[in-house]
Amino acid sequence: MSEAQALLEQIRGGISRPWTLMEVCGGQTHSLLRHGIDQLLPPEIQLIHGPGCPVCVTATTRIDQAMALAKKPGVILCSYGDMLRVPGSDGRDLLSLRAKGADVRVIYAPLDVLKLARDHPERPVVFFAVGFETTAPATALLAQQALAEGISNLQLLVAHVRVAPVLDQLLSDPGCAVQGVLAAGHVCTVMGEAELQSLVARHQRPIVITGFSAEELLLGIWRCVQQLEEGVHRLENAYAKAVASGGNRGAQALLEEVFEPVDTTWRGLGTIPAGGYRLRAPFDVLGPPTCRQNTAIGSCTVSNNEANCPSGLVLQGLLRPHQCPSFGTACTPDAPLGAPMVSSEGACAAYYRYHR
């Protein structure tokens, strides 16, 4: 019997009542659907797909700012590929600007941006920086090196978001049905266990850190079910091969040096206290002059497409992607209405791809 089969048997034999679990990260969602785990689990387990896709939750205001910067003469605007397809408040995206002649480029690592800035000293180079605590340290390193080298044409439009604050808000909602949480291992490799330990104590729910393979996810589900069946709640690390209790101290030091937490609007979820990062002095000089990150990142702007998209309910686990009336008809990966269908890590894109 394979390890995955053995874990499935343990889960089936150890469950006595319905339980609702949330997997936090879009990578976990895709893996659960790709391996068919959602269909193999006993019906007593309901999986809720959490808000764990940084592209999906990037505020409309930030996308509008990125588009405004990309339109400026001479500007080179860089970001990760998925980010270029997310529409702003007018329904257009960065790819459409590139088609009209704007210099919008896909990068794979923040330090690629540093080379661009060195190679084009006469042009402003803007990095639209998105991601959780997993990618924020690389942006911090970029900021550190840019200041150290005195590079004056590099600007950082920061839209990094933090996982623990949004989980705190979701679990604080009296209507929240989540009884156990599968935390994403990649964020924990950076941040360690401390933030999650606080969440367990505050919300009295089990949290289990998991990896992304079928076996790692099943182990996380089994550990979570065991706690729920026993009526206990604690933090467990089921991904110890990658996650140290203290996390990555070097990456945390970089984050602390370059960024500070700020109230931030998550698309579909509203303002999350301390839900994002902004540049702190002296690195704040790298913020684009027209949108320095000295104030909270807010967005009340709603595009026509977004207004027709219940992505907020999907991101909160209150609506399954296939329950949306537009799913697979008016909304597809080729013609997305909302960010969860745009991003390759989005819950709606996962349901579409794996025919759920």
> Based on the mean of other beta carbon atoms within 10 Å per residue, what is the order of 188-200, 152-164, most packed first?
Replying inline: 152-164, 188-200
> Quick one: if you stick a label point 7 Å off each Cα along the C-beta vector at THR329 and LEU313, how many nm between them?
Replying inline: 1.5 nm
> Can you tell me the accessible area per residue over the chain, all protein chains present, probe 1.4 angstrom, in square angstrom?
Replying inline: 40 Å²
> Quick one: length gained pulling ARG234 to ARG98 fully straight, 0.36 nm per residue minus the C-alpha distance?
Replying inline: 44.1 nm
> Among bridges DSSP assigns within the range 196-290, what percent are antiparallel (round to 5)?
Replying inline: 70 percent
> By how many degrees, 0 to 90 and rounded to 10, does the Cα axis of helix 249-258 deviate from the longest principal axis of the chain?
Replying inline: 40 degrees
> Order of 88-98, 3-13, 54-64, 17-27 by packing, highest average Cβ count within 10 Å first?
Replying inline: 54-64, 17-27, 88-98, 3-13
>> Expected output is a single nm value to one decimal: the length gained when fully extending between ARG118 and LYS241, i.e. 0.36 nm times separation in residues minus the C-alpha distance. What is it?
In response: 40.4 nm
>> Which aspartates and glutamates, if any, have their Cα less than 18 Å from the Cα of LYS115, not counting same-chain residues under 8 positions apart?
In response: ASP103, GLU149
> If the chain between GLN5 and GLN144 were fully stretched, how many nm would it gain, using 0.36 nm times the residue separation less the Cα-Cα distance?
Replying inline: 45.3 nm
> Once the Cα atoms of helix 214-230 and of the chain are each reduced to a long axis, what angle between those two axes, in degrees from 0 to 90 to the nearest 10, is obtained?
Replying inline: 60 degrees
> Cα-based Rg of the range 7-116 per 2.2 N^0.38 Å, rounded to two decimals?
Replying inline: 1.55
> What lysines sit close enough to LYS72 to cross-link, taking a C-alpha to C-alpha distance under 20 Å and skipping anything fewer than 8 places away on the same chain?
Replying inline: LYS100
> Tilt of helix 136-149 relative to the longest C-alpha principal axis of the chain, in degrees (0 to 90, nearest 10)?
Replying inline: 20 degrees
>> Rounded to the nearest 5, what % of DSSP beta bridges with both residues in the chain are antiparallel?
In response: 20 percent
> If you take the beta carbon distance between GLU256 and ILE151 as r and set R0 to 35 Å, what does 1/(1 + (r/R0)^6) give as a FRET efficiency, to the nearest 0.05?
Replying inline: 0.95
> Counting only the heavy atoms of the protein chains, how much of TYR80 is accessible to a 1.4 Å probe, in Å² to the nearest 10?
Replying inline: 50 Å²
> Once Lys and Arg get +1 and Asp and Glu get -1 on their Cβ, which of LEU69, ILE272, ILE48 lies farthest toward the positive end of the dipole of the chain?
Replying inline: LEU69
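The values are calculated or read from the model by the stated rules, or taken from the named source; none is laboratory data. Small disclaimer: the values here were computed from a predicted structure and weren't measured. Neighbour counts run over all protein chains shown; Cβ positions are idealised from the backbone, glycine included. Please note that ligands, DNA and RNA were not included when accessible areas were found on the heavy atoms of the full protein model with its side chains. Shrake-Rupley method; radii C 1.70, N 1.55, O 1.52, S 1.80 Å.
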